[in-house]
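S.K.: Could you have a look at this structure, given as structure tokens, before my questions?
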Amino acid sequence: MTSISRITVEHYHSPLGIQHSEPRLSWRFAGSVKNWTQQAYSLRLTPSDATKVQEVTVQSAESVLVPWPFAPLASRQSVRVEVQSYGTSGDSTGWQSIDIETGLLQRDDWTAEVVSAPAQSPNEAKRPFRLISRFTARNGRRARVYVTAQGVYELYLNGHRVGDEVLAPGWTQYNHRLVYRTHDVTDLVRDGENWIGAWAGEGWWAGRLGFGGGKRDIWGPDLGLLAQVEVDGEVVARTDASWKWTYGSLIESSIYDGEFVDMEISDDWTVDESWAAVRTLGFTSVVPVATQAPPVREVLRISPVDLITTPKGYTVVDFGQNFAGYVEVLGQPPAGGQLELIHFEVLEHNEVNLRPLRTAKCRDVIRNPQRGYKPKFTFHGFR
């Protein structure tokens with residue numbers, strides 16, 4: 001018996017918020033039959049409202065990136081596509097389905113604008129800041145947030161982290177391509193009053209890149225967030241002049257240099273007099289497009305294999321392998337003072353060797369430790 005084991009749309013396994021109005025389809029086969037060959041396939045399209053089901057049959061052995069045979073999809077359109085394959089021996093697979101939803105395909109779909117904190121000094125590290133807005137919504141069948149940033153962001157809705165991506169939206173050529181991601185927030189939007197908040201950091205947008213000290217503000221000095229929340233296609237919240245901003249415990253967060261956090265500074269999301277009106281930056285210079293890259297996620301936790309005290313008195317935590325990531329401090333460190341984590345790859349004569357780091361600091365500094373800690377907008381290559 002041959003079956004269809006997996007369908008992909010373009011190259012998405014989970015095609016939520018895609019930028020393709022006529023996405024190509026691919027599918028894989030499973031089963032114990034040898035030398036099974038497809039001679040034809042059928043595609044069935046069912047819209048989210050289950051009206052006007054369409055079906056086509058194509059005589060073809062192709063099953064990789066086959067053309068879309070239906071009318072182009074519109075922005076925000078949700079459909080179910082089913083695939084059935086017919087073999088040359090006269091047998092067929094069962095139907096296998098995948099749900100597809102487009103994102104914001106046109107410039108006019110965006111009503112949000114980029115919001116930011118007051119301008120910070122050019123050619124210097126940018127302090128991360130927080131943004132917040134309150135909005136009213138009703139319970140709906142489907143809620144989505146479309147979000148990106150000039151820099152990197154971490155998004156919250158009613159106190160819950162949205163998604164598990166880190167360093168979003170990733171590294172891109174901002175002058176030509178700004179990517180956004182679509183999140184399903186149906187379970188997070190409440191009937192009545194809601195709030196949406198975000199951290200924003202410099203990331204690759206304004207961070208220090210390159211050798212010999214690098215260069216800052218490659219794409220600009222102004223960090224900013226662009227976000228739009230919709231319930232059943234209706235915009236219920238968007239980044240605009242009504243948002244507020246404030247700083248938090250993050251004093252500095254840079255890709256090469258690491259983070260500096262002061263835990264005596266509150267990260268509470270209650271809006272008080274410390275929150276001020278945002279600065280609006282208008283829309284982006286390019287129309288955002290849905291990302292085609294998989295998100296950067298935490299995929300593995302590595303435990304230390306050794307604890308070393310060097311001749312100079314450094315405490316070295318050895319994880320046994322080089323990797324890209326960060327160190328999480330679990331529980332509460334000793335109160336008071338400062339905890340400094342320096343990331344490096346090799347020992348030299350049993351001593352810490354920082355020369356291969358060149359000008360990168362690769363340090364996470366926690367002032368006034370009071371709780372556990374995990375970096376927000378940086379990562380390191382280290383052992």
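S.K.: Would you mind getting the accessible area per residue of the range 122-240, heavy atoms of the protein chains only, 1.4 Å probe, in Å²?
M.R.: 38 Å²
S.K.: While we're looking at this one, here's another question. Mind listing which GluC sites (Glu not before Pro) in the range 66-124 are in a DSSP loop and have 15 or fewer other Cβ atoms within 10 Å?
M.R.: Glu124
S.K.: If I compute solvent accessible area with a 1.4 Å probe over the protein chains, what percent of it on the chain is carbon and sulfur?
M.R.: 48 percent
S.K.: Just how far, in whole angstrom, is the range 83-111 from the range 139-215 if you go by their alpha carbon centroids?
M.R.: Cα centroid of the range 139-215 versus Cα centroid of the range 83-111: 27 Å apart.
S.K.: Another question about this same structure. Compute the accessible area per residue over the range 287-383, keeping the other protein chains in place, probe 1.4 Å, unit Å².
M.R.: Per residue, the range 287-383 has 64 Å² of solvent-accessible surface.
S.K.: I would also like to ask the following. Label Ile265 and Leu354 with points 7 Å out from Cα along Cα→Cβ: what is the distance between them in nm?
M.R.: The two pseudo-label positions are separated by 2.2 nm.
S.K.: Using amide H atoms built in the peptide plane, which far-off residues or other-chain residues are under 5 Å from Phe129 H to H?
M.R.: Long-range HN contacts for Phe129: Ala200.
S.K.: Computed from the coordinates I sent, log10 I(q)/I(0) by the Debye sum over Cα atoms at q = 0.12, 0.14, 0.15 Å⁻¹ equals one of (i) -1.00, -1.18, -1.27; (ii) -0.89, -1.19, -1.35; (iii) -0.95, -1.31, -1.50. Tell me the label.
M.R.: (i)
S.K.: Going by amide H atoms built from the backbone, whose H comes under 5 Å of the H on Ser92, apart from near neighbours?
M.R.: Gly87
S.K.: Test of the criteria: in the range 131-192, which trypsin sites (Lys or Arg not before Pro) are in a DSSP loop and have at most 16 other Cβ atoms within 10 angstrom of their Cβ?
M.R.: Passing both the DSSP loop test and the Cβ count: Arg138, Arg141, Arg142, Arg177, Arg190.
S.K.: Quick one: Karplus J couplings for the range 296-302, per residue in order, coefficients 6.51, -1.76, 1.60, θ = phi - 60°, nearest Hz, x for Gly and Pro?
M.R.: Calculated HN-Hα couplings, in order: 6, 10, 6, 10, 7, 9, 10 Hz.
S.K.: Mind ranking 240-252, 46-58 by how tightly packed they are, going by the mean number of other C-beta atoms within 10 angstrom, highest first?
M.R.: 240-252, 46-58
The values are calculated or read from the model by the stated rules, or taken from the named source; none is laboratory data. Please read all numbers here as calculations on a predicted model, not as lab measurements. Positions of Cβ are backbone-derived with ideal geometry, glycine not excepted, and every protein chain shown enters the neighbour counts. Side chains included, ligands, DNA and RNA excluded: accessible areas come from the protein's heavy atoms. Shrake-Rupley method; radii C 1.70, N 1.55, O 1.52, S 1.80 Å.
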